[in-house]
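The values are calculated or read from the model by the stated rules, or taken from the named source; none is laboratory data. For clarity, every value in this text was computed on a predicted model and none was experimentally measured. In this analysis, Cβ positions are derived from the backbone assuming ideal geometry, glycine residues included, and neighbour counts consider all displayed protein chains. For accessibility, only protein heavy atoms count, side chains too; no ligands or nucleic acids. Shrake-Rupley method; radii C 1.70, N 1.55, O 1.52, S 1.80 Å.
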Amino acid sequence: EFVGLLERALAACPAEDSRERVRLLGRLAQALYWTPDKDRLLALSDEALKVARRLADPATIAYALDSRRVVLWTPDHVDEGSALAEEMLRLGRRSGNREVQLEALGWAITDALERGSLAVVDELIAEHVRIAGELRQPYNLWYTEALRAMRAHLDGRFAEAEELCESAYAFGSQAHGVNALQVYLAQTLQLRLDRGHMDALLEKLRIEAPAVLPHPVWRAAIADALSSICLYDEALEQVDWFASPGFAAVARDCLWTTTVVSLARAVVRLDHAAYAHELHELLSPFADRTCTLGGAIMCLGPASLFLGMLARTAGNLDLALAYLEDALERSRALSSPPLVARTQLEAARTHLRIQTEAAQAAAEGLLVEAAATATACEMETVRANAETLLASVRHGAVV
């Protein structure tokens, strides 16, 4: 219905350049984002930006830039999307338009986190916090709290992250209810994967997530949750839905990365070599990126972490270790004890599959460090896994 209204309005709009035409073109492009008609929405947003540039009105250009950035929010247009966000932020700063600045900052933070540029992320978040605090709009305050929850999680301040998730949802439910619930569920899931106590959240996901947004990402999230508590048959049913042919059901939209990462974690726990190989092929072109959840609401970790896990499951241990070494370096650059501990655990698992004394010694050292970090951060899941593996190594149960 909404698309139909926009199309009728656009048909009635005079063909000459105008701010109204830019807004209709750009909004229609955004409204079509979740449809398969990608060529059309790209064409609409391109036309909107061209018309806006001819009008040379900063606010109109900013609107068209934002619409175009929405349309390009896929794994395949990162550089072009980042350039649009940077231009939009410059326009907002020059004109003093704080609403434009906040919208642009959301994009810029997302892009910087995907590049692993933590210093830039923190600088931009500080700017967002300041402006959002001045405007006092619930939508902006929601995103501010969601960003703060992401940073607390990345630092390993999990109790604080949980409090910030609740605070974000309190603001978001006032202004952005459906999306706020999605973000709350997604952030809470990542916390539960680290801290344990998944059962209650899993029931909430099964009941609420499909009603909130019928996007396949929730199938992947549920597979991730199910496999984390060893409900492997049910997890495999969810993964199978995506799998044929070649995981083509994973839509290349803004939730592509989250879907692939969730499926990768599930497939690794299932130890499904064929699926691991196919997911590795999907993710490998993006090995130099940091995987983020939505608009920087959670940092999932370096893509090389998940590529290493998938390579191990597919049977390529040398490649797995190379990826995991890269992931460990990137995790340390992000100053993230939880990411470091997770990567050390996965590297240790890979060494143990090599089955040599040197590899076993390397695994033991990694497990000691991972367990200590996980204990300090109260990462119950990682701590328990690391300590269980460490005990097996020391008692000779793992060769």
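Figures for the structure shown
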quantity: Value of [θ]222 nm, deg cm²/dmol, for the chain, DSSP H segments ≥ 4, -39500 (n - 2.57) each, nearest 500; calculated: -25500 deg cm²/dmol
quantity: Förster-model FRET efficiency, 22 Å R0, residue 333 and residue 380, C-beta, rounded to 0.05; calculated: 0.30
quantity: Residue 117 versus residue 395: modelled label distance in nm, points set 7 Å from Cα along the beta carbon direction; calculated: 5.0 nm
quantity: Calculated Rg and Dmax of the range 1-51 using C-alpha coordinates, Å; calculated: 10.2, 29
quantity: Rg and Dmax of the range 228-294, Cα atoms only, in Å; calculated: 11.6, 33
quantity: Alpha-carbon Rg/Rh ratio, for the range 144-266, with Rh computed the Kirkwood way; calculated: 0.97
quantity: Amide H within-cut-off set for residue 300, under 5 Å, with H built and near neighbours excluded; calculated: 291, 292, 293
quantity: For the range 340-354, 3J(HN,Hα) per residue [Karplus equation, 6.51 cos²θ - 1.76 cosθ + 1.60, θ = phi - 60°, Hz, x = Gly/Pro]; calculated: 4, 5, 4, 5, 4, 4, 5, 5, 4, 4, 6, 4, 5, 6, 6
quantity: Between helix 357-377 and the chain: long-axis angle, C-alpha atoms, 0 to 90°, nearest 10; calculated: 60 degrees
quantity: Two-decimal Rg to Rh for the chain - Kirkwood Rh, Cα set; calculated: 1.00
quantity: Mean-position separation - Cα centroids, the range 341-379 and the range 249-296, in angstrom; calculated: 23 Å
quantity: With every protein chain in place, the chain: carbon and sulfur % of accessible area (1.4 Å); calculated: 53 percent
quantity: Crossing angle, helix 380-394 versus the chain [Cα axis fit, 0-90 degrees, rounded to tens]; calculated: 30 degrees
quantity: Per residue accessible area of the range 166-246, 1.4 Å probe, in Å²; calculated: 44 Å²
quantity: Cα-based shape type of the range 260-399, given that a ≥ b ≥ c are square roots of the gyration tensor eigenvalues and the cut on a/c is 1.5; calculated: oblate
quantity: Alpha-carbon spread of the range 54-159, three principal axes, descending order, Å; calculated: 50, 34, 20
quantity: Hz values of 3J(HN,Hα) by residue in the range 251-268 - Karplus curve (6.51, -1.76, 1.60), Gly and Pro given as x; calculated: 5, 8, 10, 5, 9, 4, 4, 4, 5, 5, 5, 4, 5, 4, 4, 5, 5, 5
quantity: Gyration tensor verdict on the range 13-80 (Cα atoms; rounded if a/c is under 1.5, prolate if a/b is larger than b/c, oblate otherwise); calculated: oblate
quantity: Size-normalised alpha-carbon gyration radius of the range 316-367, reference 2.2 N^0.38 Å; calculated: 1.09
quantity: Degrees between helix 19-31 axis and first principal axis of the chain (Cα, 0 to 90, nearest 10); calculated: 30 degrees
